[in-house]
Amino acid sequence: MGSTFGGLEIGKRAILAQQAALNTTGHNIANANTIGYTRQDAVMKAANPYAYPGMNNSTAPQSIGTGVEVSELRRIRDHFLDGQYRIAQQAAGYWDAKAKALTSIEGLFNEPSDSGLSMMLDRFWGSFQELAKNPDSLAFRTVVAANGKAVADSIQAISRGITQIETDLTKDVSLKEAEINTSIKEVADLNKQIALLTATGQQPNDLLDKRDLLIDNLSKLVSVQTAPGQNGMVVLKVGGVEIVNSTTTSTFSVNPQTGETMVGGTAVTLDGGEIKGALDILNGTEASSIPSLRRNLDLLAGAIASQMNSLQTSDDARNLDDIAAQTQVEKVLFFVDKDDPTQPPRDAANMMVNPKIFASPGTIAAAKSDFAGDGSNAKAMADLQFQKIDINGSQTTIGDFYRSIVGQLGLDVNGAIQASDSTAAVAQQVDNRRLSISGVSLDEEMTNMVRFQQAYNAAAKYVSAVNDMLDKLINGL
């Protein structure tokens, strides 16, 4: 049987155990608003009794207990929900990146508005209708040149804007690449610290929280998968290829120009994340990707320029100089390349109105005869607004082709925003479920604090009672 002095040991253990539980509760309360913190719980168990039943020990139920001890400081964490959250984060990051990029691109077109390209094209064709009625008027010719410049400037501005967004996305991808490589090194460092502490029997709960938070953040950038390693370490994969194994890491690299992603020299395919979303805009084949938009904008600029230049330089086209000379003096292109004004524009970024037309509006070929009052060619130019032509293998008008570009972009923007909102909501829902398990509830912690405090006080009173017994035995007999 235990001695009276053994009662002091039981009391001491009870006080220390309740104190550890109180300290854990205080730690939880202190980190109630700490992002990534996991609620901890002091798990208590009965200490080993003085004697276990055995051949040389009594089997009677009088084995004396020795009190309580804290067996572990448990993290209250659901790893299944961690995996679900990271999958949801990958989808949310992907659609968020696409929605932001597409919204920026949509802003370049500024449709519908009075300053959009659609309205400028209408004014451009309308000015030719007026010129057809007044073919010998320099004022109407100046309006035509000004409206042509507005069309060319608008197309150039959209093209420059797309290039700027491409540059910004490329920089953003490079920054995220550096962020990923920094994070995986931190994960490897934490793996090392966690393994050392785990091997000595300690519980590195706060280090585990820090590592899990890093992986959560990584999951929004790139598709990651985790697997348990030895001594509490974690194996991290990107696209199925190990990027962190114990304390060793591989380098993640991405080429924004080609969309190729690699882990330690091995090509990988990303399933989600912000990197994937940005790369799909930079290098994708969808209608609203930057390559497709730039190609369609070049087709639009080429269609406008080729049709206008064809009528402007046809054999029967006449400008005021030709009419005055009663023969075609010079074929003057309407839209030219800004780097070589003698040639038609090679793409949307280089489209401009021929400087000769601004210098001499009379060079606009409004007539098809040597009569100054003839506006038939200007009428033919105005009719381009409704004329179906071949653009990229389809018979369509210039206006309809442009509206199809803007319409498809609008649909893709709305789709990306809706997908971004829904995937973010799913990720938030899963995170809320995680927090309901792992998060700190102040009400619950306050209840625990009172419970442990009362147990601490009771243990202290027990020690006092044992002390009185010993005092009586030692000093009172």
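Roughly how far apart, in whole Å, are the Cα centres of region 82-119 and region 2-40? Each part reduced to its Cα centre gives a spacing of 50 Å. Heavy-atom accessible area with a 1.4 Å probe sorts 95, 125, largest first, into 95, 125. I'd like the distance between the alpha-carbon centres of region 431-468 and region 162-227, rounded to an integer number of Å. First find each Cα centre; the distance between them is then 35 Å. The spread of Cα positions in region 81-162, taken along each principal axis and listed from longest to shortest, comes to 77, 19, 13 Å. Candidate cross-link partners of residue 133 among the aspartates and glutamates, defined by an alpha-carbon separation under 13 Å and a same-chain spacing of 8 or more, comprise 374. Per-residue SASA remark: residue 388, around 140 Å² accessible (1.4 Å probe; ligands, DNA and RNA not included).
For residue 226, the accessible surface of its heavy atoms amounts to roughly 70 Å² (probe 1.4 Å, protein chains only, rounded to the nearest 10).
State which entries of 149/331; 12/461; 98/210 exceed 22 angstrom in Cα-Cα distance in the structure shown. The answer is 98/210. Can you tell me the orientation of helix 205-221 relative to the chain, as the angle in degrees between its alpha-carbon axis and the longest Cα principal axis, to the nearest 10? Around 20 degrees separate the two axes.
For the chain, the longest principal axis of the Cα atoms and the long axis of helix 290-312 meet at an angle of about 10 degrees. Ordering 393, 417, 466 by the projection of their Cα atoms onto the charge dipole of region 365-477, which places +1 on the Cβ of Lys and Arg and -1 on the Cβ of Asp and Glu, puts 466 at the extreme positive end. Rolling a 1.4 Å probe over the protein heavy atoms of the chain, with every protein chain left in place, gives an accessible area that is 53 percent carbon and sulfur.
This structure gives Cα Rg over 2.2 N^0.38 Å, computed directly, and of (1) 1.68; (2) 0.96; (3) 1.03 that value is listed as (1).
Normalised per residue, the accessible area of the chain is 49 Å², obtained with a 1.4 Å probe and no contribution from ligands, DNA or RNA. List the aspartates and glutamates whose Cα sits under 16 Å from the Cα of residue 45, skipping any in the same chain fewer than 8 residues away. In chain and number order, the partners are 9, 69, 72. Here is how the number arises for the chain: DSSP H runs of 4 or more residues each give -39500 (n - 2.57), the sum is divided by the residue count, and the result at 222 nm is -20500 deg cm²/dmol.
Residue 69 exposes around 70 Å² of accessible area when a 1.4 Å probe is run over every protein chain in place.
For the chain, the longest principal axis of the Cα atoms and the long axis of helix 117-133 meet at an angle of about 10 degrees. Its Cα centre serving as origin, the chain has a Cβ charge dipole (Lys and Arg +1, Asp and Glu -1) of approximately 1480 debye.
The values are calculated or read from the model by the stated rules, or taken from the named source; none is laboratory data. On a predicted model such as this, the values are computed, not experimentally measured, just so you know. All Cβ positions, even for glycine, are placed from backbone atoms using ideal geometry, and neighbour counts span all protein chains on display. With ligands, DNA and RNA removed, areas are computed over all heavy atoms of the protein, side chains included. Shrake-Rupley method; radii C 1.70, N 1.55, O 1.52, S 1.80 Å.
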